[in-house]
Structures are given as structure tokens and as C-alpha cells.
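Participant: Can you read through this structure? Questions will come right after.
The numbers here are math on the coordinates, done by the rules we state, and not lab data. Remember, predicted model here, so these are calculated numbers, not experimental data. Cβ coordinates were reconstructed from backbone atoms using ideal geometry, including for glycine residues, and neighbour counts include every protein chain displayed.
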Amino acid sequence: MLILPPKKESKSGQNNPENRLKHFVRIGSQTFILRHRRENLKKCSLTGLEGRDDLCFLTYPGAWPDLSHCVLLKVGAPLLTENRDLLLIDATWKLAQVMERNLPWKLEARSLPAGYRTAYPRRQTDCPDPMTGLASVEALFIAHMLLGRSTDGLLDHYYWREEFLARNPELTHVQVKGPALSCAQNPTGAKGFAS
């Protein structure tokens, strides 16, 4: 079942969710990422992961498959313990709250254990705790690790990977592939890291 908000169909058919999802193949437990259309892809921590088989990127607002079976990854909810399909909302803190309220399903919410520290240099003032409010890719990495899913390549495109792992030494046993990114690839233009 697809949830179709009223939207004018383009001539190319690109707004048709069947066309957007026709290459999506379900392989075990999935992670669905609902990304706000206004998300700045140059600063988005998930950029570069769009082609992975275990992730399905969807755009908000838009038409989506039925995600009522998913668990919503959310700060402050009971701990994530059960390996089920995940829904991760990728947006600013403020937009994520609006997106959650507008979901057409009442989803069970789960959170990550407290204590993980972000390396993302946050400039938003609406983040409840800038040091522990994780970047989307950091939350995705931790959720996959806790659920026993593959974390291979999840941090390969993340500029602050080394700092994130240094701030969370309990994650260093997880195999992380790929070279560290250079300063020329810094997506936010920030000088250094958040402290």
C-alpha cells in the first residue's frame, strides 16, 4: 500500500512512487530514511549512502510505501533492542519534529543508549543537547551496530568519522573501512570540530 498525498503528476512520471521504488530490493531488515526535500545535501551526513541495498531513501513530502511496520528512531524513546525495519528522519531538529507529527502512521519509537557523543559541528539552536544530538549517519551507524547489521562503509563518506570514533572509543572495535576525508572535502565549511 502506498500513501499518496495529492500531488500533480509530472510528465516524466518522476513523482510516481512506483517508479522511484522499482529498483528497491528488500534484503532482510531494512532502514528507511525519510529525508526532507530542503535538506542541504552538501552538509547532509548521509550523502554518499544512497546506493546501498540495505538503505531506502524517501523524500518528504512525497509518496511512500506503507511503513507502519517500522520502528521510528527517536531521541528519548525506550531503547532500541529488537531488530525490525527502522525509519530514520533526516532533517534539521525543527523540521524532524514537524515531519514526525505529519507521518500517516502511529509508529513505535525507539532510541539509542545515552552516552554517545557527536563529532558533527552543530550550529542549530533547536538541538536539545548539541553534544549528544547525533548526526544522522552517527545514529545510523550505532543503530546498525547494536542490531548486528553491517556497518561496512557507513562512515566512509563522513568527514568527521575519525573524530566521532575517537569520542566514542567503544565503537573502535567495529570495522570501519575507507580513508579519512581531506579538509578540501569538509561539507560544512566549518573550521575544526565541535567541542
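Participant: Each label point is 7 Å from the Cα along the Cα-to-Cβ direction; what then is the distance between the points at Val98 and Ser68, in nm?
Facilitator: Taking the simple label geometry, Val98 and Ser68 are separated by 2.7 nm.
Participant: I need the peptides 72-78, 101-107, 86-92, 154-160 ranked by packing, meaning the mean over residues of other C-beta atoms within 10 angstrom, with the highest value on top. Write out the running numbers ahead of the final one.
Facilitator: Working: 72-78: 16.4, 101-107: 11.9, 86-92: 21.7, 154-160: 23.7.
Highest to lowest by the protection proxy: 154-160, 86-92, 72-78, 101-107.
Participant: For a quick check: with amide H placed at 1.01 Å from N, whose amide H comes under 5 Å from Ala119's, ignoring anything fewer than 5 positions away on the same chain?
Facilitator: Residues meeting the criterion, in which the H sits 1.01 Å from N, are Ala135.
Participant: If a/c stays under 1.5 just call it rounded; otherwise compare a/b with b/c (prolate if a/b is bigger, oblate if not). Do that for the stretch 55-99, with a ≥ b ≥ c from the square roots of the Cα gyration tensor eigenvalues. Walk me through the numbers on the way to the answer.
Facilitator: On the way: a/c = 2.26, a/b = 1.17, b/c = 1.93.
In terms of gyration-tensor shape, oblate.
Participant: Follow-up. List every residue whose amide H lies under 5 Å from the amide H of Val71, counting only residues 5 or more places away in sequence or on a different chain, with H placed 1.01 Å from N in the peptide plane.
Facilitator: Result for Val71 returns Asp85, Leu86, Leu87.
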